[in-house]
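The structure under discussion appears below in the form of structure tokens.
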Amino acid sequence: MNCSLEIAQVCESIIANISADFVGLALQNSEGPDVRWHYAAGNSNEKYKRISVRYGKGIAGRVISTGSSITINNFPENIHGKALEYPIMLAEKLHYAFAVPIFLKGVAKGVLLVGRRTNAPITEGEQNVVTQGALTLEGMLVSLF
């Protein structure tokens, strides 16, 4: 089975299991520090394909630079910086997001983001589903890098 189809299935399964509105996978470019969104499920448009953020910027860049998960609720009220620094939140009209790092060879190189277009937070159990999804994706992506 091809890898992108398997990745899409993981994203779809997360949406189904925790009733999220959006699931996206961002990866750091192999050349240079920029981070791009490569896969999405539940997306309302194709804008995510054109979004690229600098290392350390936006949700994806921050998760990769810190190697830890980030939760954003009540977007754009509770953020550091400007709303424009969170292009995925704006493009998908998300109010809530939970993003976890994806590690390749021990280094954070990707982000799995789950979002809702309402401000309903995800539970600890749902966070575990997302974390498990990230681990599954790590296993798939290791062959690509």
Over the chain, what is the mean sequence separation of C-alpha contacts under 8 Å (at least six apart), divided by residue count, expressed as relative contact order in percent?
24 percent
For Cα pairs less than 8 Å apart in space and 6+ apart in sequence, what is the mean separation divided by the residue count of the stretch 26-83, i.e. the relative contact order in percent?
22 percent
To the nearest 20 debye, what charge dipole does the stretch 90-145 have about its Cα centre, counting +1 at the Cβ of each Lys and Arg and -1 at the Cβ of each Asp and Glu?
180 debye
Gain in span if fully extended, N73 to A8, counting 0.36 nm per residue against the direct Cα distance
20.9 nm
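Counting only complete DSSP H runs, which helices of the chain cover 20 Å or more along their long axis at the Cα atoms and score a mean Kyte-Doolittle of -1.0 or above? Could the numbers behind the result be given before it?
Details: long enough: 3-18 (23 Å, 1.19); 124-141 (25 Å, -0.01).
Helices meeting the span and hydropathy rule in the chain are 3-18, 124-141.
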Options I88, L135, N43, ranked by Cα towards positive dipole end of the stretch 3-141, top entry (Cβ charges):
I88
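Calculate for the chain the 222 nm mean residue ellipticity that helices alone would give, adding -39,500 (n - 2.57) per DSSP H run of length 4 or more and normalising by residue count, nearest 500 deg cm²/dmol. Walk me through the numbers on the way to the answer.
Details: 4 runs with 48 residues, N = 145.
Calculated mean residue ellipticity at 222 nm is -10500 deg cm²/dmol.
Using the per-residue mean of other Cβ atoms lying within 10 Å as a proxy for protection, in what order, highest first, do the peptides 65-78, 23-36 fall? Could the numbers behind the result be given before it?
Details: 65-78: 14.4, 23-36: 18.4.
Descending mean neighbour count gives 23-36, 65-78.
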Among P76, V114, A20, whose Cα sits farthest toward the positive end of the charge dipole of the stretch 3-141 (+1 at Cβ of Lys/Arg, -1 at Cβ of Asp/Glu, about the Cα centre)?
P76
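None of the figures in this text is laboratory data; all of them are computed from the coordinates on show. A quick note: this is a predicted structure, and the numbers were derived from the prediction, not measured. Quick reminder, even Gly has a Cβ in these numbers, built from the backbone with ideal geometry, and neighbours come from all protein chains shown.
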